[in-house]
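Here's the structure we're looking at; comments come further down.
Values in this text are rule-based calculations from the coordinates and carry no lab data. Fair warning: this is a prediction, and the values are worked out from it, not measured in the lab. Here Cβ is always computed from backbone atoms with ideal geometry, including for glycine, and neighbour counts include all displayed protein chains.
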Amino acid sequence: MRVMVTGGTGFTGSHTVRALRAAGHETRLLVRDPEKVERVFGPGAISPDELVVGDVRDAASVRDALAGCEAVVHAAAMVSLKAAEARQVLETNLEGVENVIGQAAEQGVGRIVHVSSLAIFFSPGCTPLHPEMPIPAGSTAYSESKARAERYVRHLQAEGAPIHVSYPVGIIGPDDPGISGANHALYTWFRDLTIKTSTGFQIVDVRDLAELHRRLVEHEGPPGRFAAAGETVSWYELPDFIESLTGTRLRYLVIPGRLLRALGWVGDQVKRVKDFNFPLTLDTMRFASQWPGTAPCTGSEALGLRIRPIRESYADTLRWMERAGHLSRRQIGRLAE
Ligand SMILES: NC(=O)c1ccc[n+]([C@@H]2O[C@H](COP(=O)([O-])OP(=O)(O)OC[C@H]3O[C@@H](n4cnc5c(N)ncnc54)[C@H](OP(=O)(O)O)[C@@H]3O)[C@@H](O)[C@H]2O)c1
């Protein structure tokens with residue numbers, strides 16, 4: 001199949017391209033910067049077949065990229081916590097889904113995959129998350145953009161468009177072009193410190209998510225919703241869990257959830273005066289300290305997807321962080337051996 005992929009220079013999209021290419025599909029990427037494609041995929045490695053230079057906000061370039069494709073995976077999104085970029089985040093992610101998913105449905109593309117997030121179902125005090133829950137309003141521009149995109153996609157699904165939706169939790173794994181959200185959290189535990197607080201940290205391996213996308217492109221069943229989530233490690237167990245992998249110690253602070261959320265609120269106020277992209281926000285601290293975990297996930301298992309053990313995901317990610325120069329050999333301890 002010829003598959004158009006957006007976000008192919010990003011973490012999820014680049015792994016999805018590799019999974020599609022390894023399964024024998026042709027890939028066409030809509031990219032803003034063709035030189036970045038070289039940097040992300042490297043010489044001699046599995047790389048996309050075709051590029052269309054454009055932007056998900058530009059309907060004409062999306063139309064060109066979709067022409068002649070039998071499937072599309074929409075993994076592009078703008079992720080920023082800067083107050084000054086809130087409007088741009090909302091506009092990019094909404095126009096992106098309308099242009100990519102909307103035009104694909106209009107043109108009769110047979111297999112459409114939209115990358116959402118399981119976090120769109122989160123609200124403080126909610127039950128374990130699953131894709132059939134109601135969608136609360138987002139509390140940041142990013143979460144609101146994902147919630148609105150989801151409503152738009154559901155509207156098209158209800159009209160019969162062949163759209164599958166994937167719902168990852170925090171994505172970690174090797175070969176991340178930009179050190180995205182969950183990988184960045186892992187990196188800061190080594191660079192700065194981690195916390196012991198309420199609830200825990202839940203991840204999915206990017207390679208398993210990419211494999212889900214490959215299966216969804218090939219899936220002939222009716223439009224569906226597919227969660228992608230591995231195990232949760234409680235914040236209290238996390239330093240010991242990491243030590244069991246590396247043999248090195250992580251520094252940590254014990255911070256009750258309520259205090260953590262108060263600090264997040266302070267972060268929001270500071271951002272009004274001096275903007276920064278560090279995830280010290282009330283929203284992020286709620287996710288960190290009130291994360292309910294996921295309900296046993298249906299859907300992805302039915303496709304035969306195997307989510308690898310989290311020890312493997314953490315170990316491979318830390319080894320990659322060392323190879324890429326983000327962490328030192330000393331920091332990853334026996335994983336470097
Ligand atoms: N990372 C996580 O933990 C996580 C968790 C749940 C859900 N998700 C969702 O998963 C998807 C992928 O996330 P990710 O972390 O893999 O993303 P990422 O690494 O930040 O990559 C984002 C991609 O989107 C592209 N993009 C952004 N704005 C664009 C525009 N206007 N036109 C064309 N391309 C544009 C970027 O292109 P450039 O290379 O040109 O910047 C890049 O290829 C997103 O929908 C995100 O909301 C992520």
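If you stretched the chain out fully between S80 and E26, how much longer would it get, using 0.36 nm times the residue separation minus the C-alpha to C-alpha distance?
Here the answer is 16.3 nm.
Return one number: the angle in degrees, 0 to 90 and rounded to the nearest 10, between the long axis of the Cα atoms of helix 86-97 and the longest principal axis of the Cα atoms of the chain.
The helix 86-97 is inclined about 40 degrees to the chain.
Sketch the reach of a paramagnetic label on E218 as a point 7 Å from Cα along Cα-to-Cβ, and name the residues of segment 1-21 whose backbone nitrogen lies under 16 Å away.
1-3, 16-21
Quickly rank 163-170, 22-29, 37-44 as a protection proxy: mean count of other C-beta atoms within 10 Å, highest first.
Top of the packing list down: 163-170, 22-29, 37-44.
So what is the diffusion coefficient of segment 129-205 in µm² per second by Stokes-Einstein at 25 °C and 0.890 mPa s, using a Kirkwood Rh over Cα pairs?
162
Using each residue's phi in segment 150-157, evaluate 6.51 cos²θ - 1.76 cosθ + 1.60 at θ = phi - 60° and report the 3J(HN,Hα) Karplus result to the nearest Hz, with x for Gly and Pro.
Karplus values, whole Hz, x for Gly and Pro: 5, 5, 4, 5, 5, 4, 5, 4.
Mean residue ellipticity at 222 nm from the helices of the chain, using -39,500 (n - 2.57) per DSSP H segment of n ≥ 4 over the full residue count, to the nearest 500 deg cm²/dmol?
-12500 deg cm²/dmol
Could you state the number of Å between the C-alpha centres of segment 75-129 and segment 313-337?
So the two Cα centres are separated by 32 Å.
Fewest to most neighbouring Cβ within 10 Å: what's the order for D240, D208, D58?
Going from sparsest to densest Cβ surroundings: D240, D58, D208.
Quick one: helix 181-191 against the long Cα principal axis of the chain, what's the angle to the nearest 10°, folded into 0 to 90?
30
At a Förster radius of 41 Å, what calculated FRET efficiency corresponds to the Cβ-Cβ distance of D275 and S198, to the nearest 0.05?
The formula returns an efficiency of 0.90 here.
Ranked by Cβ crowding within 10 angstrom, fewest neighbours first, how are T92, T9 ordered?
Ordered by Cβ neighbours within 10 Å, fewest first: T92, T9.
Give the percent of DSSP beta bridges with both residues in the chain that are antiparallel, rounded to the nearest 5.
10
By how many degrees, between 0 and 90 and to the nearest 10, does the Cα long axis of helix 310-323 differ from the longest principal axis of the chain?
Helix 310-323 sits at roughly 90 degrees to that axis.
If the cut-off is 18 Å between C-alpha atoms, which aspartates and glutamates fall inside it for K36, apart from same-chain ones fewer than 8 positions away?
The qualifying aspartates and glutamates are D49, E50, D55, D175, D176.
Under a point spin-label approximation (7 Å from Cα along Cα-to-Cβ), what is the R323-E91 distance to one decimal in nm?
4.0
Once both labels are modelled 7 Å past Cα along the beta-carbon direction, what's the M1-R151 spacing in nm?
Distance between label points: 2.9 nm.
Give the lysines reachable from K146 as a straight Cα distance under 18 Å; neighbours fewer than 8 places away on the same chain don't count.
Straight-line reach from K146, under 18 Å: K82.
Estimate the FRET efficiency between R63 and D240 by the formula 1/(1 + (r/R0)^6), using the beta-carbon distance for r and 51 Å for R0, to the nearest 0.05.
0.45
Using 0.36 nm per residue of separation minus the Cα-Cα distance, give me the extension gain between D49 and A315 in nm, one decimal.
92.7 nm
How do F276, F11, F122 rank when sorted from fewest to most other Cβ atoms within 10 Å of their own Cβ?
Going from sparsest to densest Cβ surroundings: F276, F122, F11.
Assuming R0 = 35 Å, what is the FRET efficiency of D33 and C126, from their Cβ-Cβ distance, to the nearest 0.05?
0.35
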